[in-house]
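Encoded as structure tokens, the structure appears first; notes follow it.
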Amino acid sequence: MAGKDGCMAAYKAMESGVKVRYLLSFWNRNREGSHEVSPTLPAAQAESLGIPLIRTGFLSYEEEFKRTFRAIDEDVRAKGRGISSAVFGHIRTHGPLVDRICADLAIEGLMPIWNMNSEEIIGELLGAGFEAANMKRNSIRLMSAEVKKLHLPIMIEIDEDGYYIASYPQFKGCHPYGETLDEALENIREVALMCLEDSDAGRIGAPG
């Protein structure tokens, strides 16, 4: 999520009773485009919802989505749970892609904003209390008012070896990892305390 479509899809899914356990954010490694957003935005959105964020780049969106899903699902199943569905923010394109991905993963694909237009999506988001700001390349940034209260949004990435890399965008050089999502989150909390202790030495600043 991060753009208006992903944000609205997640919101509508949760409003309908879907339990959203993870947020996925992808960017295209080959080019800049609609998937390119500042990493601090989805991290802030995830923090405001209290939901872990998994962010990763792709050469093939389909293959990276399936790889990321399987890594998360394996971690979840180790705890005796499972993932039965995925929410997508597509409105009029990529329906066959979603069907193919979900069939391969044996999950249900949910597309709460399918066939909505941009005006409807923005109107509903603003009506629900979200705030919007125009960004470069005419993209739209959306987040709830709660985001303003945030101080330490967490971002999680999965590397090519399947390790979870955690970071706080506000801190330079703080990137602990874990073999599981829980381990990465626990490690980043410990690192955050050290980063805060070192804040007077200049470690807090632009992401590095």
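The values are calculated or read from the model by the stated rules, or taken from the named source; none is laboratory data. Predicted, not measured: the structure shown is a model, and the values here were computed from it. Note that we place each Cβ from the backbone using ideal geometry, even for glycine, and neighbour counts take in every protein chain shown.
So the values come out like this:
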{"item": "Criterion violated by R100 - all others in (1) more than 16 Å from L41 (Cβ to Cβ); (2) at pLDDT below 85; (3) basic (K, R) satisfied", "result": "(2)"}
{"item": "Which numbered condition I121 fails, given (1) touching a Phe, Trp or Tyr at 6+ places or on another chain (Cβ under 8 Å); (2) farther than 23 Å from A184 by Cβ; (3) β-branched (V, I, T)", "result": "(1)"}
{"item": "Single residue of the stretch 28-45 satisfying the filter (surrounded by 18 or more Cβ atoms within 10 Å (Cβ to Cβ) and not in a helix (DSSP H, G or I)) that is modelled with the lowest pLDDT", "result": "V37"}
{"item": "For S48: the one exception among (1) in a strand (DSSP E or B); (2) touching an Asp or Glu at 6+ places or on another chain (Cβ under 7 Å); (3) closer than 17 Å to G3 by Cα", "result": "(1)"}
{"item": "Residue in the stretch 7-20 that is modelled with pLDDT under 85, part of a loop (DSSP other than H, G, I, E, B) and aliphatic (A, V, I, L, M) present", "result": "no"}
{"item": "I54, sole failed condition from (1) more than 11 Å from the chain's Cα centre (by Cα); (2) touching a residue at least 60 places away in the same chain (Cβ under 8 Å); (3) surrounded by 15 or more Cβ atoms within 10 Å (Cβ to Cβ)", "result": "(1)"}
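Matching residues to (1) at pLDDT 75 or above; (2) among the small types (G, A, S):
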residue: E108; (1), (2): yes, no
residue: I113; (1), (2): yes, no
residue: E124; (1), (2): yes, no
residue: K136; (1), (2): no, no
residue: K148; (1), (2): no, no
residue: A201; (1), (2): no, yes
residue: I204; (1), (2): no, no
